[in-house]
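Take a look at the structure below.
The values are calculated or read from the model by the stated rules, or taken from the named source; none is laboratory data. Treat the numbers as computed from the prediction; the structure is a model and nothing was measured. FYI the Cβ positions are ideal-geometry reconstructions off the backbone, even for glycines, and counts take in every protein chain you see. Each accessible area value is taken on the protein alone, full model and side chains, heavy atoms only, with ligands, DNA and RNA left out. Shrake-Rupley method; radii C 1.70, N 1.55, O 1.52, S 1.80 Å.
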Amino acid sequence: MDDGQPFFKWDWLGDNWDTGRANSVLNLLEAHVVMSVVPIILGLLVAVPVGLACVRWRFLYQPTAGLMNVIYALPSLPVFMMLLPLTGLARATVIIPLTFYAVAVLVPAVVDGMASVPDHVRQAAVAMGFTPLRRLMLVELPIATPVVLAGLRVVTVSSISLVSVGALIGQGGLGNLFTDAFQRDFFTPAIVGIALIVLLALLGDGLVLTAQRLLTPWVRARRSP
């Protein structure tokens, strides 16, 4: 990097924000959002029934938890490389591992959330004539929601962060700005990528937190003086 070159060039951001090409900042941002959000949604759709099955049949939980721990311990880059022969240089190569990581975090969150439901609340619902499905939907899941969404906040931030690793296979969203900066010894793309990823993580965490407050108004009421 030349000594006379500024640390950050604002004109680069303006020139490269929306060029209509795949490597423009706006297109990379859109790709990053897609590859972050899809695993979160898929992970939640898979983890909830799996977690409920572990609650219903307790003998499933220990082997499931062990498998989830193994999955979560796998480094993302080698997993991307293993998928390349199957999915190629496509977004699915990033989305599939991140979905498994999301499930690994959310299954214990669902189990812990259901465990947080007091027994006397369940018994009261049974006494009121609630069927098991109605009790689950109207009593148990709402009470478990804060714990599940706490896990979802972790998944949201980690997914947004891990997408950038996919830049090493050409599917990293904003992470491609890091490889561009490294190859050209030019800091500006890396700074833009870091700033946008941090903003996305803050926005995602804020959205999940807002959803938690909307879905659990009784928690706010309990905390009010």
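When Q171 is tested against (1) under 25 Å from the mean Cα position of the chain (by Cα); (2) assigned to a helix (DSSP H, G or I), only condition (2) is not met. Open to solvent by 20 Å² or more (accessible area, probe 1.4 Å) and farther than 30 Å from F8 by Cβ, is that true of A125? No, not satisfied. Hey, among the residues in the range 209-225 that are more than 16 Å from P142 (Cβ to Cβ) and in a helix (DSSP H, G or I), which one's modelled with the lowest pLDDT? Checking each candidate, the answer is R223. Would you say T145 is at pLDDT below 90 and hydroxyl-bearing (S, T, Y)? Criteria not met by T145. Would it be correct to say that P78 is at pLDDT below 90, out of contact with any helix residue (DSSP H, G or I) (no Cβ under 9 Å at 6 or more places or on another chain) and more than 28 Å from L200 (Cα to Cα)? Here the answer is no, as P78 does not meet what is asked. Residue selection: W10 satisfies the criterion of being over 23 Å from the mean Cα position of the chain (by Cα), open to solvent by 90 Å² or more (accessible area, probe 1.4 Å) and within 30 Å of L174 (Cβ to Cβ). Across the range 24-58, the number of residues qualifying as closer than 15 Å to L196 by Cα and part of a loop (DSSP other than H, G, I, E, B) comes to 1. If you take the residues of the range 60-96 that are of a type in the set (G, A, S) and assigned to a helix (DSSP H, G or I), which of them is most open to solvent (accessible area, probe 1.4 Å)? Out of the qualifying residues, it is A73.
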